[in-house]
Amino acid sequence: QVQLVESGGGLVQPGGSLRLSCTASGSIISIIDMGWYRQAPGKQRELVAIFTSRGRTVYADSVKGRFSISRDNALKTMYLQMNSLSPEDTAVYYCNYNVGPRSYWGQGTQVTVSS
């Protein structure tokens, strides 16, 4: 069993920055990939950024050049640095770990970009 806890969300003005963290507990020996997703009101959950099974990073077109995903060597903590935020980035952000046949999600952290 894997538990994921996100933190770092909040209210930020347009153009500002936030850094999200995701902390994992439990066994992740069989981890396949890990990443960040978001869901805005009335919209489907969408990929923001992931580390693939081969360790490559993939970003949604809408965040390329503004967001950066990173992680620690133990893969127990994952980050999402978000710069040049715009109101369109307002959403609940979730971290996701795919470990073996199971997919784990955090509870989400709200990011609101507003003046």
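The values are calculated or read from the model by the stated rules, or taken from the named source; none is laboratory data. Treat the numbers as computed from the prediction; the structure is a model and nothing was measured. Reconstructed Cβ throughout: ideal geometry from the backbone, glycine too, with neighbour counts over all protein chains shown. Side chains are part of the model used for accessible areas, which takes the heavy atoms of the whole protein and leaves out ligands, DNA and RNA. Shrake-Rupley method; radii C 1.70, N 1.55, O 1.52, S 1.80 Å.
By how many nm would the segment from residue 61 to residue 73 grow when fully extended, if each residue of separation counts as 0.36 nm and the alpha-carbon distance is taken off?
Between residue 61 and residue 73, full extension yields 1.7 nm more.
Just the number, please: percent antiparallel of the DSSP beta bridges in the chain, rounded to the nearest 5. The partial results should precede the final answer.
Details: 40 of 43 bridges.
Rounded to the nearest five, the antiparallel share is 95 percent.
I'd like the carbon and sulfur percentage of the solvent accessible area for the chain, probe radius 1.4 Å, heavy atoms only, ligands and nucleic acids excluded.
47
Where in the stretch 53-87 does the label zone of residue 32 land, with the point 7 angstrom along Cα→C-beta and an amide N cut-off under 15 Å?
From the stretch 53-87, the list is 53-55.
Mind checking which of 54, 66, 19 has the largest fluctuation in a GNM of the chain, springs on alpha carbons under 10 Å?
Its mean-square fluctuation being the largest, the pick is 54.
Taking a spot 7 Å from the Cα of residue 19 along the direction of its beta carbon, which residues of the stretch 70-92 have an amide N less than 13 Å from it?
The answer is 70-72, 78-83, whose backbone nitrogens lie closer than 13 Å to the label point.
Spelling out what I want: for every residue of the stretch 91-107, take phi, set θ = phi - 60°, compute 6.51 cos²θ - 1.76 cosθ + 1.60 (Karplus), and round to whole Hz; glycine and proline get x.
4, 8, 9, 10, 9, 9, 10, 9, 10, x, x, 10, 10, 10, 10, x, 7
How much of the pair distance distribution for the stretch 39-79 lies past 17 Å, counting alpha-carbon pairs only, in percent? Kindly include the intermediate steps, with their values, before the conclusion.
Values: 329 of 820 pairs.
When every Cα pair of the stretch 39-79 is considered, 40 percent fall beyond 17 Å.
Pick out which of 68, 30, 84 has the largest mean-square fluctuation in a Gaussian network model of the chain, springs linking Cα atoms closer than 10 Å.
Checking each option, the largest mean-square fluctuation is seen for 30.
Based on C-alpha coordinates, I'd like the Rg and Dmax of the chain, in Å.
Here Rg and the maximum Cα pair distance are 13.5, 43 Å.
Taking only protein heavy atoms into account and a 1.4 Å probe, give the accessible area per residue of the chain in Å².
53
State, as an integer percentage, the relative contact order of the chain based on alpha-carbon contacts under 8 Å between residues 6 or more apart. Don't skip to the answer; put the middle values down first.
On the way: 277 pairs, mean separation 43.3, N = 115.
Worked out over the chain, it gives 38 percent.
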